[in-house]
Amino acid sequence: MDKLRLYVLIQNLANGLTQPFMSFLAVASGVPNIGLGLISSANGFFAGVTQLPLRKLSEPVKLLKLSTASLIILWLLMAFISYTNPILYVVTYLSIAATGGVSSYAWALLLERASRGSRGRVLAEYGFFGSIGGLLATLTAGLVVRGNYALAKYVFITAALLIASNFTVVMRLDNVKYDGVNSSNLRQSIKGIENFLGATFIFAVVWSFAWPIFPVAQYYVFSMTTEQVAILSIVGGASTLILQRPVGSLVDKHRRIMMFLGRFLLITFPLMYVFSTSVYQLFIINVVSGFTNSVSNTAYMAYLFDNSRDKKSAITIYNAVYGTGTLVGSLIGSASLSAVELMVGVKEAVKYLLLIDAAARAGAAVAYLKLPEFKPASRGTLTVSARTN
């Protein structure tokens, strides 16, 4: 198997063990709403902000090595020290997210070169391998933990071991140089993608507003266990696995309309928590996430790659804009939940706030229909040489 495919497969095994449960476990562990807002937005804001100082660096494999080694240590710290302490839980997870941001930036540089010529199809292919990696891991973690949250420690240890095995994959990559345009001028870096960044920020705010509310709904409204959280995630993952490649082809042919649909159909998820009467209805409706995940894995990064001149800077600025939006939205969502639940109780607060968010998501999605059409951009060069011994 190609080393990049093996990397994404193993990395998503580790992610599948942990990411679907971190907000839910935070609620179960007594993390307050403001901490829940930070955790919900961590993979957006903290991961994105750490990438800004990296935009002038041109050796992504070195970044992968450093970040992968750091993630091993941080997941072990989460398992043995932080998990039982709400404050340390938040701090450690934010550190994991920030370190993951370094890894994601390096990965994006590698993937930009690999996807040239057919963005949607190639990005979908890597998304396909990622989905395979996450499904079994999520199911396993959910079945192991169920309602015994102390067992999550062993899930974190397993994630650290998987990342350690991925470190051996990364170590086999060598002599990587990304020689793209490298502008120090911010205005030049975002030329041609200003409207896209604006649409991204607005949607990130309204999208992430619901993120700290979802796990509260799962825990307090639907009384879900980690097993049920896992099944919910697996339904979405399996649907993504089926749709990833055909959606990737559609992205290449109808990028702007697919970008709109990928955002607009995200109204499904707040609405399903409002109108569903059982967890089984949540499972069925979550099939829609296969489409929205597939578009998210392909269309937006493909648009960014093809419409930016300075790709390294564009990647970091895009992630920072997106991350800032998710932090703002998540904090507003968590603060709103704290305020409204004092007046009407947690269950009614969840219902009212998710209805508001669904309407906001629909409105914000329209901005993607107004983006300029695709235009080819100048290319950087990425040279990869890997040891085979």
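The values are calculated or read from the model by the stated rules, or taken from the named source; none is laboratory data. No experiment lies behind these values; they were computed from the predicted model shown. Glycine also receives a Cβ, built like all others from the backbone with ideal geometry; neighbour counts cover every protein chain displayed. SASA here: full protein model, heavy atoms, side chains in, ligands and nucleic acids out. Shrake-Rupley method; radii C 1.70, N 1.55, O 1.52, S 1.80 Å.
The table below gives the values:
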{"read-out": "All positions within segment 57-84 that are assigned to a helix (DSSP H, G or I), under 14 Å from Thr158 (Cβ atoms) and open to solvent by less than 60 Å² (accessible area, probe 1.4 Å)", "value": "Leu71, Ile72, Trp75, Met78, Ala79"}
{"read-out": "Residues that are not in a loop (DSSP other than H, G, I, E, B) and not aliphatic (A, V, I, L, M), drawn from segment 265-291", "value": "Thr268, Phe269, Pro270, Tyr273, Phe275, Tyr280, Gln281, Phe283, Asn286, Ser289, Gly290, Phe291"}
{"read-out": "Candidate set: segment 53-82, residues that are touching a Leu at 6+ places or on another chain (Cβ under 8 Å) and modelled with pLDDT of 90 or more; chosen: the one farthest from Gly100 (Cα to Cα)", "value": "Ile81"}
{"read-out": "Some residue of segment 15-22 being open to solvent by less than 40 Å² (accessible area, probe 1.4 Å), part of a helix (DSSP H, G or I) and of a type in the set (S, T, N, Q)", "value": "yes"}
